[in-house]
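Just so you know, all these numbers are worked out from the coordinates, no wet-lab data involved. Bear in mind the structure is a predicted one, so any value in this text is a computation, not a measurement. All Cβ positions, even for glycine, are placed from backbone atoms using ideal geometry, and neighbour counts span all protein chains on display.
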Amino acid sequence: MLPSLNGGGAERAAVHILNTLDPRVWDRSMYLFRREGAYLDAVDGAIALSAGDDSSRLARWNALRRFFLKTRPDLIVSFLSYLSVLSAAAAARTGARVVFNQQTPMSAFLTDRDYHWRRPWHRRLFSLASRLGYQRADAVVATSKGVAADLTEAFGVPVDRIHIVHNPIDLEAIRQASTEPLERAHETAWRRPAIVAAGRLADAKNYPLMLEAFAVLRRTVPARLFILGEGERAGAMREQIAGLGLEDSVVLCGFQRNPWKYIARADVFALSSRYEGFGNVLVEAMACGVPVVATSSPGTREIVTDGEDGLLVERHEPAQLAGALERVLIDDALRQRMSERSKHTALRFALPTVAAAYARVFDEVLA
């Protein structure tokens with residue numbers, strides 16, 4: 001169950017997991033509030049895909065409740081919209097088990113300025129409702145140890161109800177897609193050393209820090225930065241790029257259905273997020289054999305071994321991020337060593353391995 005399949009880590013993970021579950025064991029279906037998104041055609045044709053009535057909150061909830069009554073599922077796995085799913089399942093009275101998939105540290109999410117609960121009373125209400133919802137769910141799948149710890153410490157979720165399962169990465173699909181050519185305009189603009197960043201242009205990704213750090217880096221290294229993604233902060237980013245005098249060295253590439261053909265060509269992949277529950281794109285960069293530099297957060301610490309397959313920046317400040325990027329870009333031996341190690345790290349998150357872990361969780365919940 002998801003709101004839609006618009007591009008994002010949770011949506012991609014849900015599609016990967018559902019596609020890979022053994023159809024001889026599981027009768028698989030997916031329900032969306034809105035039948036839209038970049039990953040619609042990635043859903044296996046054998047999966048029953050349904051969409052509800054998104055005309056209003058009440059209509060959406062009623063449509064979901066009717067869907068549960070009609071299909072009578074044994075297990076409901078909610079990627080986002082947890083409270084709507086939980087209450088609709090309870091109202092349907094089918095006895096289904098309900099599992100939440102928690103992709104981000106909720107405490108950090110509640111401070112995100114891109115969402116309406118940044119207002120104090122909205123945040124308090126949502127926090128209280130979330131606490132109650134977590135207590136009623138049969139299980140919560142957390143994408144990292146940090147996400148799990150936040151659920152326990154801030155929301156009182158019992159440790160024995162939380163299962164830590166990382167997001168899956170389709171290594172073979174990335175390998176094949178990474179060899180495709182770039183769009184002509186971006187091929188023409190490509191210069192080395194090249195840094196690639198990818199993710200929604202939103203507050204949580206902290207692109208202002210990325211751009212400030214890049215401006216510092218440009219004083220010593222003539223690098224070029226390619227940013228993949230779209231979002232509500234695009235206008236502000238263009239203003240900042242102009243203000244820093246980076247128009248000739250920063251390329252905003254927009255949303256790319258195949259980001260890996262850019263990432264695979266990079267000398268380093270950079271992530272400047274305020275917080276990450278996991279960091280799919282870091283593993284994807286590693287699968288491409290590209291060293292990574294990332295700000296430290298619960299999700300990135302779960303993936304990157306500092307100094308081995310990438311660098312973690314503990315202080316989220318321009319000089320520190322710029323220094324880490326410079327270290328990788330000017331040291332060929334370090335970059336090569338990290339590149340080889342990265343490929344090995346990515347294997348931990350291979351799709352079949354993670355899908356099997358999800359199947360074990362689902363079996364346990366149903367038992």
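Return one number: the angle in degrees, 0 to 90 and rounded to the nearest 10, between the long axis of the Cα atoms of helix 82-92 and the longest principal axis of the Cα atoms of the chain.
Between helix and principal axis, roughly 20 degrees.
Suppose we keep just the alpha-carbon trace of the stretch 63-111; what are its Rg and Dmax in angstrom?
Taking only Cα atoms of the stretch 63-111, I get Rg and Dmax of 12.1, 38 Å.
Would you work out if the stretch 171-348 is rounded, prolate or oblate? Take a ≥ b ≥ c from the square roots of the eigenvalues of the alpha-carbon gyration tensor; rounded if a/c is under 1.5, else prolate when a/b is larger than b/c, oblate otherwise. Display every interim value, and only then the final one.
On the way: a/c = 1.33, a/b = 1.16, b/c = 1.15.
Rounded.
Can you give me the C-alpha center-to-center distance between the stretch 36-77 and the stretch 216-241, rounded to a whole angstrom?
38
Taking Cα pairs under 8 Å and at least six residues apart, what relative contact order does the chain come out at, in percent? Each step should come with its number before you reach the end.
Values: 665 pairs, mean separation 57.7, N = 367.
After rounding, I find 16 percent.
Dividing the alpha-carbon Rg of the stretch 255-315 by 2.2 N^0.38 Å yields what?
Working: Rg = 10.9 Å, N = 61, 2.2 N^0.38 = 10.5 Å.
Dividing the Cα Rg of the stretch 255-315 by 2.2 N^0.38 Å gives 1.04.
Looking at the square roots a ≥ b ≥ c of the eigenvalues of the Cα gyration tensor of the stretch 1-79, which shape do they give, rounded for a/c under 1.5, prolate if a/b is larger than b/c, or oblate?
Note, shape of the stretch 1-79 comes out oblate.
To the nearest 500 deg cm²/dmol, what mean residue ellipticity at 222 nm is calculated for the chain from DSSP H runs of n ≥ 4 alone, each contributing -39,500 (n - 2.57), summed and divided by the residues?
-13500 deg cm²/dmol
Could you compute the net charge surrounding ASP27? Neighbours are other residues with a C-beta less than 12 Å from the C-beta of ASP27; K and R count +1, D and E count -1. Walk me through the numbers on the way to the answer.
Details: positive: ARG24, ARG28, ARG72; negative: ASP22, ASP74.
Residues near ASP27 contribute +1 overall.
Loop-only check: which trypsin sites (Lys or Arg not before Pro) in the stretch 281-347 are DSSP coil with at most 14 other Cβ within 10 angstrom?
Details: sites: ARG301, ARG315, ARG327, ARG335, ARG337, ARG341, LYS343; in loops: ARG315.
Here the sparse-neighbourhood loop sites are ARG315.
At what distance in angstrom do the alpha carbon centres of the stretch 139-181 and the stretch 312-367 lie from each other?
12
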